[in-house]
Amino acid sequence: MIIANPIYDVIFKYLMEDYQSASTIISTIIGEKVDSLVSKPQESVVESNKYGLSILRFDFIGIITNSDGVKRKVIIEMQKAQGPSDIRRFRRYLGENYSKQDFDDETPIDLPIICIYFIGFPVNLPNAIVSNKKGFYDILTNSKIAVNLPIMELLSHETYFIFIDNLDETIKSNSIFVVLDIFNQKNIVGKDCKWLIQRDDFEHIDNENLKHLMMRLHNATMEEELLEQAKKEDDFTKDLDREFRKFQLLLENEISLKEEEKRQKEEERRQNILLLQKIEELSKTIEALKKK
C-alpha cells in the first residue's frame, strides 16, 4: 500500500482534519483518552511568490480523561518543524496560547496547555519520543506533589517531542510507536518522490485506529492537488535549505573576518607594547650613559 507522507504540511493538515485520526494521534502520544476535540487550525502564509505555501500549526480545544478518570479541558498545540529555524515560531505561538481564554457559562477561564512537536530534522539525541510530563516535586525532599494546583498547571505546560528521524524498527513493539510509525521516513518511495511512503504491512495490522490512519493517508495519494502541493513544499524546502546554507556560509565568513580583524588588532597591540618596552629600555640605556 502507498500512503502519503504526513511529514508534509499539506498532508499533515489533511490527516488532522479527520476527527478520528487526530484523536488517535493525540491520545496515543499523551496517554490519555480524548473525549472531545474541536480543531482550530492556524496557518501563516509563507512569503513566496514562487510557491505560495503556508506554515501550519494546529490548535485544539479538547476534553481528556486520565487513567484516574479525572477529566480536564485543555488547549492542545501541535506543530511540525522541518528545521531549527522553526523554534522561534514555536515560542511565539506558545505565547499566543498562554494569552488565550475559553469560556465557562460566559465566564472567561484559562486552560492548561499541552504542546506536541513533530521534529523533522536530525538532532544530537538517540531518543524518538520525549516528554517532560513528570509532575511537580518538592525540591527539599525530592518527593512528588500529589496535588496539582491550578496556578502550577496554568503557569507550566506538558510538552512532547517526536523526533521523526529516530523512529526505528527496534522499538516497533511499543504501542506508541505502532501508531507513530506512519511518520517513519525509512520507507519513502524514492528521493524524487519523498511525499509517498511504501507500506507492506496493512493486511497484518490488528490495530483498527492505525488502519484508519493508513487508509486516510492512502486516500490522500488519490488527491492530485494535494500531492502537487506536497511537491511544491518539497521544492520550497530545498530552496529554503540552499538559502539557509548560503546564509550560514556568509555568517561563518563574517565571523572569520571579524576574528582575523580581532587577531590583527591584538597583534598590533602586542607589537606596540614591545615597541614601548624597547623605547623604555633604550631611554634607560641613554640615561645610564649620560651619568658616566
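The values are calculated or read from the model by the stated rules, or taken from the named source; none is laboratory data. None of these values were measured; they are calculated from a predicted model. In this analysis, Cβ positions are derived from the backbone assuming ideal geometry, glycine residues included, and neighbour counts consider all displayed protein chains.
Without any contact (Cβ under 8 Å) to a residue 12 or more places away in the chain and within 28 Å of Ile3 (Cβ to Cβ): does that describe Asp165?
In short, no.
Among the residues of region 132-144, write down those that are closer than 21 Å to Ile30 by Cβ and either at pLDDT 85 or above or not hydrophobic (A, V, I, L, M, F, W, C) (or both).
Initially, region 132-144 is screened for residues closer than 21 Å to Ile30 by Cβ, giving 132-137, 144.
Across region 132-144, the qualifying residues are Asn132, Lys133, Lys134, Gly135, Tyr137, Lys144.
For the subset of region 190-229 comprising residues that are loosely packed, with under 14 Cβ neighbours inside 10 Å and hydrophobic (A, V, I, L, M, F, W, C), which member is modelled with the highest pLDDT?
Applying the filter and picking the extreme gives Met222.
Name the single residue that is nearest to Ile25 (Cα to Cα) among those in region 120-131 being at pLDDT 85 or above and surrounded by 10 or more Cβ atoms within 10 Å (Cβ to Cβ).
Among those that are at pLDDT 85 or above and surrounded by 10 or more Cβ atoms within 10 Å (Cβ to Cβ), it is Ile129.
Can you name the number of the only condition in (1) closer than 23 Å to Glu153 by Cα; (2) aliphatic (A, V, I, L, M); (3) at pLDDT 75 or above that Ala22 fails?
Of everything listed in (1) closer than 23 Å to Glu153 by Cα; (2) aliphatic (A, V, I, L, M); (3) at pLDDT 75 or above, Ala22 misses just condition (1).
Looking only at region 66-80, which residues are in contact with a helix residue (DSSP H, G or I) (Cβ under 8 Å, 6 or more places away or on another chain) and not hydrophobic (A, V, I, L, M, F, W, C)? Write out each step before concluding.
Narrowing region 66-80 to residues in contact with a helix residue (DSSP H, G or I) (Cβ under 8 Å, 6 or more places away or on another chain): 75-80.
Listed by number, the residues that qualify are Glu77, Gln79, Lys80.
Return the residues of region 51-100 that are assigned to a loop (DSSP other than H, G, I, E, B), at pLDDT below 70 and either under 25 Å from Thr24 (Cβ atoms) or over 13 Å from the mean Cα position of the chain (by Cα) (or both); say none if nothing qualifies. Before the answer, list the steps.
Just the residues of region 51-100 that are assigned to a loop (DSSP other than H, G, I, E, B), to begin with: 51-53, 66-70, 82-83, 100.
Still in the running and at pLDDT below 70: 51-53, 82-83.
Those that are assigned to a loop (DSSP other than H, G, I, E, B), at pLDDT below 70 and either under 25 Å from Thr24 (Cβ atoms) or over 13 Å from the mean Cα position of the chain (by Cα) (or both): Tyr51, Gly52, Leu53, Gln82.
Evaluate the following for Asp168: is it in contact with a helix residue (DSSP H, G or I) (Cβ under 9 Å, 6 or more places away or on another chain), modelled with pLDDT under 85 and surrounded by 15 or more Cβ atoms within 10 Å (Cβ to Cβ)? Walk me through it before giving the result.
Numbers: in contact with a helix residue (DSSP H, G or I) (Cβ under 9 Å, 6 or more places away or on another chain): yes; modelled with pLDDT under 85: yes; surrounded by 15 or more Cβ atoms within 10 Å (Cβ to Cβ): no.
In short, no.
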